[in-house]
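Accompanying notes for the structure given below.
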Amino acid sequence: MSHIIDRRKNDKGKSTGNRQKFLRRVENQIKKAIPDIISQESIKDSSTGGSVKVPVRGLEEPTFHHDPKTGKKQAVRPGNDKYSEGDRVPKPKGGGGGGGRGKGSNSPEVTEDEFTVVLSREEFLKYFFDDLALPNMVKKLMDSTENFEMRRAGYTRDSVPSRLNIKTSYQQSLGRRLALKGVLDKKLALLEEQLSLATDPQLKTELAEEVEKVRRQANTLPFFEDIDLRYNNFERVPIPITSAVMFCIMDVSASMGQHEKDVAKRFFTLLYIFLTRQYKNVELVFIRHHTEAKEVSEEEFFNSRESGGTVVAPSLKLMEQIMRTRYDENWNVYCCQASDGDVWSKQDATECKQLLLENILPVIQYMAYIEISNSPRESDLWQAYNRISDDDSFAIRQVYEPFEIWPVFQGLFRKRSAV
């Protein structure tokens, strides 16, 4: 694969426009490559930028050229020892075009070179989350989570008369008049001194006229000029009016193998990057559970090795307790739960269903359950959740391989207007 490196200087962003045009051309190829990045790389590393391989087919420019099999041409070839001027050269028969001599030139396999596009962090995340949003944001869309109010922000020289600040304008006027009068008084004193020493009658007349002119200027300085006027300036200041909280519940029981935990962490890492990238005013609550449920820090949520048996209901009870005590009705509440579906008993699955149906779903905006399993048999938890899922307020999905994470994530959080 060829590597083309452009080392030309980009002074003052002269090639930024060309880069944006190029990215728009290969946008579809970049979006198609995102699932491969998620399955092959660390998602946290991807959030800092990445290299996306784009097929060279998407980089071709349309061109016009003459058909070599038709038309008349005149050409001078150096070293010709066969034809003279005016001779008619026969057209080649058949398909035309020569075959290469390299190894595999006659191979029927169709291959395609690759072109690597290196994206910045902002460009990468733009394609990553461009069409995603938290669903059912009933208070106000999180894209506009801020209201604005007008607050004083100094003074400006241009505004409406009703905002004129008289005190500040008078101070500017006083300073201007004092400065000008000082200059004029100094000039007047110099002219009067020259007038007293002058002996030429014509010069005296001219100096006397100049003295009178300067004295008149000093005594008739305008009280206010446009340059003195100062108006109260106001700026729009953002005020948060909508808040959201996301509960992240992860099963870390012994039934969750290393592969299942890795997929769950990848999903929650993707969710974490999405929320912190797209929204300013969102809180995250991390809950890990085995036989016991515990609220943990972000670091412990992703890196702790604690494990145990499997009981799911305590995690939902802990979520409900935190939600009731810490977040009132002004909060938009969301939840994402990841598990392999293995529960202690069917009673545990039934209890989870009742907790969701009676206590949690009526007061939250949206919940997603991700089951990390490739078993053809539906787990007890999946069967219980499947009876109450509707995709509008409670969606359930199944994944097992890392490359399945991105399509599922897109389906759960795609903007409803884009569906």
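The values are calculated or read from the model by the stated rules, or taken from the named source; none is laboratory data. Note that the structure is a prediction, hence the values are computed from the model and not measured. Note that each Cβ is placed from the backbone with ideal geometry, even for glycine, and that neighbours are counted across all protein chains shown. Areas reflect the complete protein model, heavy atoms only, side chains present, ligands, DNA and RNA absent. Shrake-Rupley method; radii C 1.70, N 1.55, O 1.52, S 1.80 Å.
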Checklist entry - At a 1.4 Å probe, what is the % contribution of carbon and sulfur to the accessible area of region 153-257? => result 55 percent
Item to check | Surface/4 of the Cα convex hull for region 233-352, nm² | outcome: 8.8 nm²
Next on the checklist: At 1.4 Å probe radius, can you tell me the per residue accessible area of region 191-252 in Å²?
Outcome noted: 60 Å²
Checklist entry - Which value, in debye to the nearest 20, gives the size of the charge dipole of region 198-299 about its Cα centre, when Lys and Arg are +1 and Asp and Glu are -1 at the Cβ? => result 440 debye
Checklist entry - Can you pull the percent of region 278-419's accessible area that's carbon plus sulfur, 1.4 Å probe, other chains left in place? => result 44 percent
Checklist entry - On alpha-carbon atoms, Rg over Rh for region 289-350 using Kirkwood Rh? => result 0.99
Item to check | Label-reachable residues, region 275-305, where backbone N falls under 15 Å from a point 7 Å from Gln321's Cα toward its Cβ | outcome: 286-296
Next on the checklist: Exceeding 29 Å between C-alpha atoms, which entries from my cross-link table qualify? They are Lys32/Lys346; Lys21/Lys261; Lys265/Lys353; Lys167/Lys213; Lys21/Lys265; Lys294/Lys346.
Outcome noted: Lys32/Lys346; Lys21/Lys261; Lys167/Lys213; Lys21/Lys265
